[in-house]
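Q: My structure is below; once you've seen it, I'll send some questions.
The values are calculated or read from the model by the stated rules, or taken from the named source; none is laboratory data. All values reported here derive from a predicted model rather than from experimental measurement. Heads up, the Cβs are rebuilt from the backbone with ideal geometry, glycines too, and the neighbour counts pull from every protein chain shown. These area figures cover heavy atoms from the full protein model, side chains too; ligands, DNA and RNA do not enter into them. Shrake-Rupley method; radii C 1.70, N 1.55, O 1.52, S 1.80 Å.
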Amino acid sequence: MTVAPAGARTLAVPGDIPALDRLLNDAVFAALLAAYGRTEVTAALRGALDALRARVVDGGVPIAQAGAPAIAADVAAALDARHRRALRRVFNLSGTVLHTNLGRATLPQAAIDALVDAAAAPVNLEFDLGSGARGDRDRVVEALLCELTGAEAATVVNNNAAAVLLVLAALANRREVIVSRGELVEIGGSFRIPDVMRTAGARLREVGTTNRTHAADYADAIGLRTAALMKVHTSNYVVSGFTASVGAAALAAIAHASGLPLIVDLGSGSLVDLGDFGLPREPVVRDVLAAGADLVTFSGDKLLGGPQAGLVVGRAALVQRIKRHPLKRALRVGKLTLAALEPVLALYRAPERLAARLPTLRALTRAAAAIEAQALRLAPALRDVLGERCEVTVVAMESQIGSGALPTATLASHGFAIRMQRRGGGLDRLDAALRALPRAVVGRIADRTLWLDLRCLDESDEAAFVAQLARLSP
Ligand SMILES: *Cc1c(COP(=O)(O)O)cnc(C)c1O
């Protein structure tokens, strides 16, 4: 077979494809080699050449596509995709502020700075700079937690699920913990009070009924095997109608009369009264301790607005037992968590500035009118790129707080309702295209409408949001 000279053909033949070694020495590969190194570039190039050869054999590949510049562009795209971080920034326009799947709270600048500092250098994590002796990592935040909650002592673990597990394992192993049937919660499918109880080696003693539990139910259940009474905040549901439950103060009195501790799992909990910020009220950790709870557990990344962590605050003797339990070592947090947590807690010393400084609270307290103004400001850019295909309307909507905090309360918000002009005309594709943007836009589809709630689009992020929209153009 004779191959016509390339000049006389338009389609490539296998002989046109340059050899791998020659390509690696071609100037067009120099930048890629500098960026990714020889191993990565060689592997990607080999893949690109195999794919190209198969396409050329099938026929129909223009000669230019078999040349070094085109191959280099393919390799660059492949390496780019391969080296894209798996964990990346998104725009949370889902309408849920503390979205567990999107990493819950975002951190204030002070916490980000501390996180970067601690990441970049050795830190005095378990080292007392005064004495030069070994220290305790909880000390980084213990004093602050005690100051903010009125507790005698505190400890920190990986998340609130870990906090509950550790408290039960340390205080109630092979003994009973009395819990109301109305509070046997399941959070997000994998955290269920009865399961956590079993895993911790504690026996769940259920009392009362789903809708009504009385003081006498607890008192009657106390026996020789009882280790503690426990109250669980019903974070993600409400029991309403003909109901009765026993408050922390009454429950503490019952527990203490028998020499038992009261454990309260607050779930989110809050260090300040959210009512002061015009938000629906959540139990405040300090109040629950003041009411007599001996230990309170809550999350670092829910309403607190910090990094993922589980906080345990309460009586010194109980916290000591918890810290000494072997599970504490397994569930402890690292320096990055503590670095981020300390400045977040410190912000609570100035509650009057909290709404401006803490991103979670800033998002939760944004006025509907400000969000509406933002939606009106951004609507033209969105309509521009979506063109005739879609109808984009600025509408009122309700945001949720999320993460089980205040399950029935919603916050008046605004955003976009996007509908396709033709019935069944590609709403899922538009949603996928938004998620494929360099910084994915995460909305929510319901009733043949794509809803984009702007509550969590910080005004400082607006320009970045608009800038990438151009890529949506058909
Ligand atoms: C959210 C929640 C938990 C779990 O907390 P994580 O920090 O997600 O582990 C446990 N108990 C209650 C009541 C909760 O609301």
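Q: Report, by residue number, each residue of the range 278-291 that is without any contact (Cβ under 8 Å) to a residue 60 or more places away in the chain, away from the ligand (no atom under 16 Å from the Cβ) and either closer than 20 Å to L168 by Cβ or not assigned by TED's automatic domain parsing to the domain that holds A153 (or both).
A: none
Q: Next question, about the same structure. Spot the failing condition for R332; the list is (1) within 16 Å of the ligand (Cβ to nearest atom); (2) under 19 Å from A105 (Cα atoms), and only one is missed.
A: So the condition that R332 fails would be (2).
Q: Next question, about the same structure. Any residue at all in the range 256-264 that's touching a residue at least 40 places away in the same chain (Cβ under 8 Å) and either open to solvent by 40 Å² or more (accessible area, probe 1.4 Å) or assigned to a strand (DSSP E or B) (or both)?
A: Checked the range 256-264: at least one residue is touching a residue at least 40 places away in the same chain (Cβ under 8 Å) and either open to solvent by 40 Å² or more (accessible area, probe 1.4 Å) or assigned to a strand (DSSP E or B) (or both).
Q: In the list E142, E183, E152, E147, which residue meets the criterion of being acidic (D, E) and open to solvent by less than 30 Å² (accessible area, probe 1.4 Å)?
A: Going through E142, E183, E152, E147 in turn, just one is acidic (D, E) and open to solvent by less than 30 Å² (accessible area, probe 1.4 Å): E183.
Each row is one residue, and each column tells you yes or no for (1) part of a helix (DSSP H, G or I); (2) over 30 Å from M420 (Cβ atoms); (3) free of Cβ contacts under 8 Å to residues at least 40 places away in the same chain; (4) among the aromatic types (F, W, Y).
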site: A293; (1), (2), (3), (4): no, yes, no, no
site: F298; (1), (2), (3), (4): no, yes, no, yes
site: V319; (1), (2), (3), (4): yes, yes, no, no
site: V344; (1), (2), (3), (4): yes, yes, no, no
site: E352; (1), (2), (3), (4): yes, yes, yes, no
site: L361; (1), (2), (3), (4): yes, yes, no, no
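Q: R349 versus (1) under 30 Å from L304 (Cβ atoms); (2) surrounded by 15 or more Cβ atoms within 10 Å (Cβ to Cβ); (3) out of contact with any Cys (no Cβ under 9 Å at 6 or more places or on another chain): which is the lone unmet condition?
A: (2)
Q: Moving to a separate point now. For the range 192-233, which residues satisfy the criterion of being under 22 Å from G292 (Cα atoms) and among the acidic types (D, E)?
A: E206, D217, D220
Q: Here's another thing I want to ask about it. Return yes or no: is L166 touching a helix residue (DSSP H, G or I) at 6+ places or on another chain (Cβ under 7 Å), open to solvent by 20 Å² or more (accessible area, probe 1.4 Å) and closer than 30 Å to R281 by Cα?
A: No: the conditions fail for L166.
Q: Something else: In the range 304-332, what residues are closer than 20 Å to L148 by Cα and open to solvent by less than 30 Å² (accessible area, probe 1.4 Å)?
A: Result: L304, G305, G306, P307, A309, G310, L311, V312, V313, G314, L318, V319.
Q: Tell me, which helices (runs of 4 or more DSSP H) lie completely within the range 1-66 with 3 or more residues that are more than 20 Å from H83 (Cα to Cα) and either polar (S, T, N, Q) or in contact (Cβ under 8 Å) with a residue 24 or more places away in the chain (or both)?
A: Where helices (runs of 4 or more DSSP H) fall fully within the range 1-66 and carry at least 3 residues being more than 20 Å from H83 (Cα to Cα) and either polar (S, T, N, Q) or in contact (Cβ under 8 Å) with a residue 24 or more places away in the chain (or both), they are 20-25, 38-58.
Q: May I ask you to list the residues in the range 273-284 that are open to solvent by 20 Å² or more (accessible area, probe 1.4 Å) and under 17 Å from L98 (Cβ atoms)?
A: F277, P280, R281, P283
Q: Tally the residues that are under 30 Å from V97 (Cα atoms) and more than 16 Å from the ligand (Cβ to nearest atom), restricting the search to the range 248-270.
A: 0
Q: Let me ask something else. Can you list the strands (runs of 3 or more DSSP E) lying wholly within the range 379-474 that have 2 or more residues being of a type in the set (A, V, I, L, M) and surrounded by 15 or more Cβ atoms within 10 Å (Cβ to Cβ)?
A: 390-400, 410-420, 440-442, 449-453
Q: Please work out if A19 is surrounded by 15 or more Cβ atoms within 10 Å (Cβ to Cβ) and modelled with pLDDT of 95 or more.
A: No; evaluated as a whole, the condition is false for this residue.
Q: Please name all residue pairs, on different chains or six or more residues apart, with Cβ atoms under 8 Å, provided the first residue is in the range 110-130 and is open to solvent by 80 Å² or more (accessible area, probe 1.4 Å) and the second residue is among the charged types (D, E, K, R).
A: The qualifying pairs are F127/R134.
Q: Restricting attention to the range 294-303, does a residue exist that is within 17 Å of L260 (Cβ to Cβ) and either assigned by TED's automatic domain parsing to the domain that holds Q400 or open to solvent by 20 Å² or more (accessible area, probe 1.4 Å) (or both)?
A: no
Q: Report, ordered by the first and then the second residue, all pairs with beta carbons closer than 6 Å, sequence separation of six or more or different chains, a first member in the range 71-89 that is at pLDDT 95 or above, and a second member that is open to solvent by less than 80 Å² (accessible area, probe 1.4 Å) and among the basic types (K, R).
A: Sorted first by the residue in the range 71-89, then by its partner, the pairs are R89/R439.
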